[in-house]
Ligand code: ATP
């Protein structure tokens with residue numbers, strides 16, 4: 001089984017380094033037979049090869065079973081015709097990665113504003129308000145006159161159905177509760193369609209409790225009663241914003257993992273960005289990418305019926321939890337003394353031990 005690792009930019013190479021170390025340790029300890037390849041991407045690839053994502057790396061990604069993608073600093077990329085391909089949307093669009101699964105869970109012993117939070121956001125990932133992916137041709141955002149900017153928000157029954165299926169399946173493996181987050185009081189047609197579709201899908205899952213929340217009320221509710229939510233299903237932009245809020249409440253951006261999954265491909269990606277302010281200082285927390293990788297291993301385990309990969313995911317999760325439980329075992333963002341390297345080393349030796 002092939003895993004492709006793309007470092008990305010900023011703190012990407014540091015957190016990807018720590019992650020590769022952990023995966024290597026799992027590979028040896030559990031004999032997983034994973035072939036791990038690291039390829040150039042982002043700004044370093046632009047400098048060396050003229051593109052942030054080369055044809056060769058695109059082909060490698062298509063041929064791999066899973067990709068671990070570091071954060072990218074796409075805001076400084078040149079135009080795509082000058083080699084500045086934004087990796088994240090490229091993968092989401094090309095591989096039709098329709099489900100962005102973002103857990104927010106307070107980790108034992110780690111200070112968090114919401115210590116009882118343990119929820120997962122299932123965010124629709126292919127349409128909504130994102131101008132670069134909502135149209136077949138052309139942009140979903142345009143100027144009607146010099147002073148009038150319009151944006152198209154696309155909601156379809158089929159995309160709503162598939163994210164609903166992912167969310168319901170996930171909820172059935174957890175506390176069997178699904179919250180549909182929307183703004184159907186205002187966006188009556190589009191969010192009405194999303195809500196009705198999710199409700200129809202959820203009706204097929206016996207024993208699943210379903211409720212709903214309007215997005216603005218939801219931002220207050222996750223602060224007030226964070227422990228009451230299990231799986232939250234929502235549209236693209238609401239999910240993007242809500243998941244950062246939940247990551248912060250559950251302990252910080254450095255802890256927020258995510259996976260982007262489609263029918264045939266999945267990509268592990270930390271929820272945070274490339275943190276250029278701390279890049280190269282060996283202070284970044286690799287936890288989010290490590291936990292994203294654990295989600296990828298679990299996805300691969302499910303997809304290929306390989307219990308050893310599911311066990312590897314659990315082992316990686318447990319190693320991270322054990323490491324974070326001790327204040328002396330944390331990185332600077334959580335008030336600890338460890339650098340990215342020594343944190344990665346500690347995780348690898350917990351796995352090996
Ligand atoms: P980008 O432009 O790539 O989105 P950003 O700095 O605007 O980068 P984030 O990377 O999400 O956005 O960072 C927000 C803040 O959180 C920064 O101060 C950053 O240093 C901090 N941060 C983000 N990720 C981590 C991490 N893994 N470890 C430690 N601090 C982090």
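Here are some notes:
- By the Kirkwood approach, averaging reciprocal distances over each pair of separate Cα atoms, the chain gets a hydrodynamic radius of 20.7 Å.
- Computed over region 113-249, relative contact order equals 37 percent, with contacts defined as Cα pairs under 8 Å that lie 6+ residues apart.
- Kirkwood hydrodynamic radius (C-alpha pairs) into Stokes-Einstein, region 1-138, 37 °C and 0.692 mPa s, D in µm²/s: 194
- Projected area, mean over directions - region 113-249, Cα convex hull, nm²: 9.1
- Distance between the C-alpha centres of region 180-220 and region 326-353: 40 Å, rounded to the whole angstrom.
- Packing order of peptides 281-290, 240-249, highest average first: 281-290, 240-249 (average count of other Cβ atoms within 10 Å over each peptide's residues).
- Equivalent ellipsoid, region 197-353 (semi-axes from 5 times Cα gyration tensor eigenvalues, Å): 29, 21, 14
- With contacts taken as Cα pairs under 8 Å and at least 6 residues apart, the chain reaches a relative contact order of 23 percent.
Every number in this text was worked out from the coordinates using simple rules, so none of it is lab data. As the structure is a computational prediction, the values presented were derived from the model and not from experiment. Reconstructed Cβ throughout: ideal geometry from the backbone, glycine too, with neighbour counts over all protein chains shown.
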